[in-house]
Amino acid sequence: MDPILSYAAAGLSGALIGLLLTVFGGGGSVLATPLLLYFVGVQDPHVAIGTSAAAVAVNAAMGLGVQARAGRVKWPCALVFGGAGLAGSLVGAHLAQKVDGAVLILWFAVVMALIGASMLFPRKDAGDPSVHLTPALTVKLAPLGLATGLAAGFFGIGGGFLIVPGLMAATGMTLAHAAASSLVSVALFGAATSASYAISGLIDWGLFAALVAGGAGGALAGAPMARALAGHADLARRVFALMVIATAAYVAWRAMT
């Protein structure tokens, strides 16, 4: 594909991802790798994963700034989870680069399907808004963070669909606090994963910039849509989940053929 067309396609992909993240509050970033492969035309699955991980890290960092200003981030819990997961994400990214691209994408499709399936279930916001870090919570958070970081690094995803329930299960915090706090880990895991891929020369920085720029525009466009769909959030989220599952089936089919 012509480079200009590739950058335009990456910008449109970023816009779609940013819009979906704004409207549905998560899950959209998992579409970055398939879009880079099958819409933008990236040939190497490892480059697609590395580039998307870098873009996810930047998007998460921007979202974290918003959530931090709103006071929703439980920093001690988030840093323990993210700090433990940072080591896991580096190991996962290193291992992924040694796996055949087609096999890696096939497993990526399986993870996509699991993410879509998890979005079909209603979210419960019950929890304790005054949670604070204790030695007992640290013992729970660190192993969960390590395992989640390993998965996020291996598949080049933000891992929010694992981080949010993990934080809620380990600490009892509310969904709102868990979603905000998860962005610490998403940013750290994405940065570590993309750094590993960058060292190996497996990031297309031009496409990365186009993804990030498009994502910012998509987020702005998605804000009024999110408000319009507020009364039908559960239905909209289920429709999006089915789209993710259908995309996973397509990715698996392409990987096998």
Exercise for the section: Compare the peptides 101-114, 137-150 by average per-residue count of other Cβ atoms within 10 angstrom and give them in order, highest first. Expected result: 137-150, 101-114
Completion exercise
Note: Ala87 to Ala117 extended length (0.36 nm per residue) minus current alpha-carbon separation gives 8.0 nm
Exercise for the section: List the relative contact order of the stretch 101-224 as a percent without decimals, with contacts defined as Cα pairs under 8 Å and 6+ residues apart. Expected result: 25
Problem - Long-range Cα-Cα pairs in the chain (distance over 34 Å), rounded percent - result: 11
Problem - Helical contribution to [θ] at 222 nm, DSSP H n ≥ 4, -39,500 (n - 2.57), averaged over the chain, rounded to 500 - result: -26500 deg cm²/dmol
Exercise for the section: Find how much the distance from Trp107 to Leu235 grows on full extension, using 0.36 nm per residue of separation minus their present alpha carbon separation; answer in nm with one decimal. Expected result: 43.3 nm
Fill in the blank from the handout: For the stretch 31-147 the translational diffusion coefficient, Stokes-Einstein from a Kirkwood Rh over Cα pairs at 10 °C and viscosity 1.306 mPa s, in µm²/s, is roughly 95
Exercise for the section: Go ahead and set up a Gaussian network model of the chain, Cα springs under 10 Å, then flag whichever of Ala187, Ala70, Ala176 fluctuates most. Expected result: Ala70
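Computed from the coordinates by the stated procedures, all read-outs in this text should not be read as laboratory data. Keep in mind that this is a model prediction, so the values were computed, not measured. As a convention, Cβ positions derive from the backbone with ideal geometry for all residues, glycine included, and neighbour counts pool all protein chains shown.
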